[in-house]
Every structure is written in C-alpha cells, then in structure tokens.
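Worksheet: the structure to be examined is printed underneath.
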Amino acid sequence: MPQPLSYLHRPSARRLAAVAVVCWFTAAATGQDASPRGAVETAQIPTIPATVSRPDSWPTAKGKAGDNHVLSSIRANPGSPLEPVGELIASEVAKAVAQGESGDGSQGGVVQATFEAEAGKPTPLQPGFQSLEAAQVVARVGPEVVLEADLLTPKALEWLEKVTPGMPPEKVRELRLQICQQILPSHVETLLVYVDACREIPADKLPDIRKNVDRAFDEQQLPKMMKESNSPNSMEFEKTLRARGMSLDRMRKMFFERGLAQEWLRKNVKTDEEVPHAELIAWYQNHLAEYDYPAKARFEALTVKMGLKRSRQQAWDILASLGNEVLAGRPLDEVARGRSEGPTASSGGSFDWTSKGSLASVTLDDAIFSLPVGQLSTIIEDGEQLHIVRVVERKDAGRISFIDAQVEIRDTLLVERRTHATDEYLTKLRHRTPIWTVFDDRGGSSAEPQFTAGRPTGPVTR
C-alpha cells in the first residue's frame, strides 16, 4: 500500500518526484519558470537543493528549441516503475504520466513543461492547488520526517484564518513558524518513542496495529471532529481539511503515532506504585511550609468615597446613615446594593475568603482580623474612602495535618517517579536517534541539511 508523503524516511526519490510534479503544475498555473532556481515565491515552491537535483548524465527530452524545462522521473533505481507519491497529489501525478504516455511530445513518461501564459497577466492557481508551505520539512527524527502540516492542527489553522486577514505575508509566515516552534518539542518526543516502537515491533505486526487504530479513529475521533467543524459527512470534512493543507489520512497517521507512542511509553516506563510510609513522612517533614495556611475571613463592607464633589464630612454623614440603617435592622446586603460605593456593592458588599495580609489596605486588614465575628465596625478611614465592615466568618492560621496530606503526597511522589523515569528513557532515545529541526540553525544557512545513510549531515540535536 502506498505510504503518505510524511512516511518517506529521508529525501527519497519518490518525495523528490512529488515535489517536481507540484513544481511543474504550479509553474503551469502561474506562468513562472519551472526551474528550481526560478524566481518563484517559497510559499508556492520549495527550493530543491543542488545536491539532489537531476544529474546531468540522465537523458533529457527536448521540446522547442532552447526549452529544457523537463519534469524528471527521479527515483532510487532509474528504469524501475514509478510508485504513487502520496494521496494529496496522486491524481496530478497520474494525469502527468497519462499525458506522457499519450504521445503528447514527451518521451517515456517525461512531461514537457511548455505552458505559456499571456504576458502581463498573472494566472491564478487552479482550483484545488494549495501553497506548499504546509509540505515544508521542519524536523527529522531518525527516519521520520516532520512536515509543517503535522504541527499546524485544524484548530491552529482556524485560529490563523481569524487573526491574519490583512497581515503582511512575512508576518503570517513568522506566526506560523512560532506556532510550529512551540508545538515541535512535544511532537519530537512523541516521534522518538514511536521510532523506538517501530524498531522493536515486528514489521509484519504493524499493519494490523495500524488497521485497528485507524478503526478506533474513525469510530471515536472522527465524529467529534466533524461535529466541531460543522461538517455533515466525512467527505465535506475532508474538503475542509484539504483547504487548509491537511487530510484525513495525515490525521489518521498522527493519531496512530501518538497512540502507539503512548502505549510504548507505558511499556518502557514502569515505576513502583508502592510508596513506603516513611518516605511519605519524610516528604511531609521536609515541606512543612507548603502545608501551613494563614488566617482567612469572609466579610461584608459598606463604602463611601470622598472627592472633589464630596467633602470628608459629607462622606462621613452618608456612611453613618448607612450604618444606622443596618443597626436598625435593615439587611446589610440590601443597604449595600442601594447606596454603597464599594467594588462589591452590586453583590451586597460581600467579600469571599480573604487571607490575612492579602489586602492592599493595612487598616482594613487589621480590622477584619481583630473584630469579633458578626459585629459592625466603627467608621474606618482608608485614604479617599470610608468603610464599615462586618466579619461573617473567620478561620485561624494553621497547618494541614499529615493524615489529611498523605494522599496528595503519595500522588506527588508517583508523578515525580514517572517524570524522572520518562526523562531517562527519552534521554536514552536521544542518544541513539538523530534529531534535526529548522530551528537548530536559524541564524545560519537556510539550506536544508541532507541525510546520508540515515543520518543528517547538518546540525543534530542530542
């Protein structure tokens, strides 16, 4: 079965053929030079490094005089049949090969790029053609290639569509790369584990595993995603994905990689779930300060503000009248909603649990933690505001007991153990798996490093 484009383990002949086909079709649609060195925007056509371009010794089909723009059937074994190069462009590949076999002037399936656009009139991309930004390689983890489309999820792309209208193209590109850079570390870790699983699991078992995982994706995940995107069926959802440079096959592949990596991680990162009682007590004793809590109180307040239009005496008289209403039996929350000017007046002047020392006003803090519960205070002056407060409930400072804390301590220690074991496992995988990302050498050459014998000749992060 042909593999998706992201399955290619290195810049193989099949992937280069796919890029060459897309370059030809984009050139045909835009009237641009189809040569890799032509003046074409990188968002449409990625640069093919010279080290992997068409060798001079290969046969070349000639069309018009001086026209040497030919789509090469580059492959690992010249002369062998071409294999499909990925679902996203398979139909265009088939069309190109059919034209080559129908006697249209090309030789042996080689397609002559003879499209001519009317001078001065740029030709828009034909329907279905997408920018090739999503197909750019942003990382390699062992034999696995990470494309930009693998990192920009449908939700991320939907967000980009909302925030980028009117934004300059270079800013949009920078924003896309920022998202990729944030997501890439966790994606690389997933691929590290996935590659390790593929090393160990027998090759003849992987297709059955993939089949079962794909079934789970279609039955459990796909309906949820279709509902979120308001797609009535999978075909409409596929159209939505393709419009954003994604496909269901790619999402199935990513789901399979994550699922297999999670199971393989659980298999290889095993920790003892039993935590000795003495270890729990030792942790508690060494972290006593974390289990101390300050005094806290809930209270109500009536507030009147002073200012240019109201003197201190006027504010004092207004607040005194509010306090007298409460003393006369009127509920404080009712008085607060009617005439108080505090931040919680609309909710009856009520303040939720407040820790000692957390209030900006030292005067109010002292009053709240010294007044008897349920008693109205005298008028408290605090800068440009006057207050009357009443404590509803108060709890003294204390410390959570070991008995109440031991369950949380056990969970904390287990998480620490698993994290430590996971870090050790991933460190071991990094030592034996070459990793390269486009962000390793952002300040250096923009040329993409090439793989030799399964290892990159460019920067490798270990």
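All of the numbers you see were taken from the coordinates with simple rules; none came from a lab. Since the model is a prediction, treat every value here as computed from it, not as a measurement. Note that we place each Cβ from the backbone using ideal geometry, even for glycine, and neighbour counts take in every protein chain shown.
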Under a point-charge model restricted to the Cβ atoms of Lys and Arg (+1) and Asp and Glu (-1), what is the dipole moment magnitude of the range 230-329 relative to its Cα centre, in debye to the nearest 20? 820
Hey, rough spin-label estimate for ALA295 and THR271, points 7 angstrom out along Cα→Cβ, what's it come to in nanometres? 4.0
Run the numbers for VAL407 and GLN314: contour at 0.36 nm per residue of separation, minus the present Cα-Cα distance, in nm. 27.8 nm
If packing is taken as the average count of other Cβ atoms within 10 Å, what order do 380-390, 301-311 fall into, highest mean first? 380-390, 301-311
Taking the Cα of GLU384, stepping 7 Å toward and past its beta carbon, and measuring to each backbone N in the range 273-312: which are under 11 Å? 305-310
FRET efficiency for ASP440 and ASN324, using Cβ-Cβ distance with R0 set to 56 Å, rounded to 0.05: 0.15
Kindly rank 391-398, 236-243 from highest to lowest mean number of other beta carbons found within 10 Å of each residue. 236-243, 391-398
Given charges at beta-carbon only (K, R positive; D, E negative), |dipole| of the range 314-450 in Debye: 620
Hey, could you grab the Kirkwood Rh for the range 299-396? Inverse mean 1/r over distinct alpha carbon pairs, Å, one decimal. 13.5
